[in-house]
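Note sheet for the following structure.
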Amino acid sequence: MSDLRRTPLHALHIELGARMVPFAGYDMPVQYPSGIMTEHTHTREKAGLFDVSHMGQVRLSGDGVAAAFEQMVPMDVQGLAEDRQRYGFFTNAEGGIEDDLMFANRGDHLFVVVNAACKAADIARMKAVLEPEVSVDPVEDRALMALQGPAAETVLAALAPAVASMRFMDVATVDIMGAACWVSRSGYTGEDGYEISVPAGMAEPVARALLTHDDVLPIGLGARDSLRLEAGLCLYGHDIDSATTPVEAGLNWAIQKARRSGGARAGGFPGADRVLAQLQEGAARKRVGLKPEGRAPMREGVELFGAAEGGAPVGALTSGGFGPTVGGPVAMGYLPAALTSEGTVVFGELRGRRLPLTVCALPFVAAGFKR
Amino acid sequence: MVAGRRWRDHVGITSHAAEQLGDIVFVELPEAGTDVTKDEEIVVIESVKAASDILAPIDGEIVEINEAIVENPAMVNEDAQGEAWFFRMKASDPSQMDDFMDEAGYKEFIG
């Protein structure tokens, strides 16, 4: 228990009555007294405040930092305009995904946000590849919070008017209550909103100020998971991992032209041979959205079969649960390419019975981004 | 699993248990007429976060099930010890209930 790390908002979570759970080495709120269903729905309809301070914030700086970072990710880093952010991932020699991340061009440095569970390995990996030419500096003195939902703009603009004119994936340094905050118009719920990096000492005052707004509720990890699942977004370690490639995961859109075959800087990242080949030829298996028929949620690990009886498993669910906005169970998983067209019916084995699921388009709930 | 104050042979979960489970989204009940054995897994209950099994409290027969909670699982969060009973049971050996806690004992147990 005492080994768990605490974010700068820990005391506030306790005060708000959160149920705390260990997550990636941190003591984190899984839900508040209003409950996961209310928290989820509130975020879709108004706004939710999430503590994501457990995630890794890292600054990369030095001459040629963009070119250097391109050795680690299949993204167009050099072509990213100043004060813009992109989604990306580290690949390994087999083309598998080592972690997914966001990176922003802040002019004199790149600002990278990585998953909590992977951050130590990510930082070690970046130091190994990038140093000494590029300096890799973990940001330990800042909290990270996300304000998500259709009311996020109005709520945050009341404290910092400049955020209203930001577009999806813009980043800026913004004064909030006297603190220099690094704000991006992004998130991981499928809703419009912001991620806000706040100096640790100002995290609680800023969070309290946001929570005083009638439209804002604190949201725990439980609703964060159901929101991202409905939005069709991958959770690292579940929907993607070191043995899944970007093409299998359906993340082709995140690999810009410059890094593909025939592009200005094609390849040059770990596993490029395999990833570039799959981009052209497709992968044998693909991540899909799946809707279980009926009401029973099907969760991660449920094996998928091509028929109601007999045969070996053809795939498995990597995420699944109840989608409060959908009003029923939703899931994601991997299937052989031949079974991935929309409307295909497969069967998931649940408590010894095979129940049908239908392959469907992602996201389950349309995104509300301000492009 | 307890009988609430207005219940006779009704079986359900306590309000405390419902609160611990969180928002309940799915309930699967045994069929009426099923014979069950004490500690057999007979109910599946799923919250937004996780699936749990509920064990038969005693030996006996399921005589009636509450379809209303299958249709509207959220009822369990709203009224666990009232309208959201799970099923009614006919005991084969009523003495198995001698060890059950009463409400005061349960409140002490959950602290």
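Computed quantities for the displayed model
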quantity	calculated
Surrounding net charge for A:Arg285, when Lys and Arg each add one and Asp and Glu each subtract one, Cβ distance under 15 Å	-3
Inverse mean reciprocal Cα-Cα distance (Kirkwood Rh) of the stretch A:142-211, Å	11.7
Part-to-part distance (alpha-carbon centres) for the stretch B:71-111 and the stretch A:294-371, which is given in Å	34
Options A:Cys181, B:Val27, B:Phe109, ranked by Cα towards positive dipole end of the protein assembly as shown, top entry (Cβ charges)	A:Cys181
Residue-averaged beta-carbon neighbours from other chains (10 angstrom radius) around A:222-235	1
Within straight-line cross-link reach of A:Lys46, lysines at Cα separation under 27 Å, skipping those fewer than 8 residues along the same chain	A:Lys291, A:Lys370, B:Lys49
Directionally averaged projected area (convex hull, Cα atoms, chain B), nm²	6.4
Inter-chain shielding of B:22-29 (mean C-beta neighbours from other protein chains, 10 Å cut-off)	6
Peptide B:44-53, shielding by other chains (average Cβ, 10 Å cutoff)	6
Exposed-loop-free span, longest in chain B, where trypsin sites (Lys or Arg not before Pro) count as exposed if DSSP calls them loop and at most 11 other C-beta atoms lie within 10 Å	B:9-111
Calculated from backbone phi, Karplus (6.51, -1.76, 1.60) coupling profile of the stretch A:130-138 in Hz, x at Gly/Pro	9, 6, x, 4, 10, 8, 10, 10, x
Gap separating the Cα centres of the stretch A:44-101 and the stretch A:232-257, nearest whole Å	14
Environment charge at A:Gly35 (Cβ cut-off 13 Å; Lys +1, Arg +1, Asp -1, Glu -1)	-2
When the protein assembly as shown is reduced to its Cα atoms, the Kirkwood hydrodynamic radius in Å	24.5
Dimensionless Rg/Rh of the stretch A:326-371 - Kirkwood Rh, Rg from C-alpha atoms	1.05
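Every number here is computed from the coordinates shown, using simple stated rules; none is lab data. As the structure is a prediction and not an experimental result, all values here were calculated from the model. Note that we place each Cβ from the backbone using ideal geometry, even for glycine, and neighbour counts take in every protein chain shown.
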